[in-house]
Each structure stands twice: as C-alpha cells, then as structure tokens.
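Novice: What follows is a structure written as structure tokens; I'll ask about it next.
Coordinate-derived values only; no laboratory data. What you are looking at is a predicted structure, and each value in this text was computed from that prediction instead of being measured. Virtual Cβ from ideal backbone geometry, glycine too; neighbours counted across all protein chains shown.
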Amino acid sequence: MKQLESMEQFEEFKNGGKHVFMFSADWCPDCRVIEPVMPDIEEKFKDFTFVYVDRDKFIDLCQQLDVYGIPSFIGFEGGKELGRFVSKDRKTPEEITGFMTGLR
C-alpha cells in the first residue's frame, strides 16, 4: 500500500488511474484489526492502487471529503468518485471486499 505524502500527490492519484484511499491512524484499534487482511484484499483487486491516508496528517482532506470516522475507504478513477465506505464502525474483511467488488 502506498502512503500519501502530500495534497499534490492526492490530486495526482485521484485524477489518474484507479485508486482507493484508506483513511486510518496509528492509534485506531479498528484500523489495526483490518491491517493484516489488507494485503490479501489488495491482491484480489490489483486493478486498484491502495493509498494509506493518515487522518492526523491530512485532517483538512478528511473534512473536505466528509470522512469523520476511520477506517474509511473512498475509490476514485480519473477524478471521479466511484464509491465510499465511510463510517465510524469497525470494518470486516467481507465488508471491504464487498465494497471493492461494487467499485468495478
């Protein structure tokens, strides 16, 4: 999974190719629970590039995109939002896989 480093990089990713942004934080226990399954999910959906967004470093981006709970996911292709899985609830691998399937 790539790590978001700047807002410029976000715009590049958002506007080019197929990307899924995973909003998370090191201190988030629900985020740590899904961390071990993310490589398997990334492997199943190779047509997408997954990008980790540290919500503490990019709080303005979270506000701009209405991401107030983590972990959360937003998919983009060519600047267009394909879908979002945004809530404060813990996500299961099955829910994330279902969300990803819906983006295709």
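Novice: Hey, got a sec? Which chymotrypsin sites (Phe, Trp or Tyr not before Pro) in the stretch 1-99 land in a DSSP loop and have at most 12 other Cβ atoms within 10 Å?
Specialist: W27
Novice: May I pose another question? Treating only the Cβ atoms of Lys and Arg (+1) and Asp and Glu (-1) as charged, compute the dipole magnitude of the stretch 2-103 about its Cα centre; round to the nearest 20 debye.
Specialist: Charge dipole of the stretch 2-103: 180 debye, to the nearest 20.
Novice: Given that compact globular proteins tend to follow 2.2 N^0.38 Å, what is the ratio of the alpha-carbon Rg of the chain to that value?
Specialist: 0.96
Novice: Mind giving me the FRET efficiency for R32 and D89? R0 is 22 Å, r the Cβ-Cβ distance, nearest 0.05 is fine.
Specialist: 0.90
Novice: Also: K57: net charge of surrounding residues, Cβ under 13 Å, Lys/Arg +1, Asp/Glu -1, itself excluded?
Specialist: Result for the neighbourhood of K57: -4.
Novice: Then there is this: Can you give the local net charge around W27? Use residues other than it whose beta-carbon is closer than 14 angstrom to its beta-carbon, Lys and Arg +1, Asp and Glu -1.
Specialist: Here the count lands on -2.
Novice: Please count, across the chain, the pairs of lysine residues with Cα atoms under 18 Å apart that sit 8 or more places apart or on different chains.
Specialist: Qualifying lysine pairs in the chain: 12.
Novice: Also, quick follow-up: Taking H as built 1.01 Å from N, whose amide H comes closer than 5 Å to the amide H of V86, not counting residues under 5 places away?
Specialist: Close amide H contacts, sequence-distant or interchain: F73.
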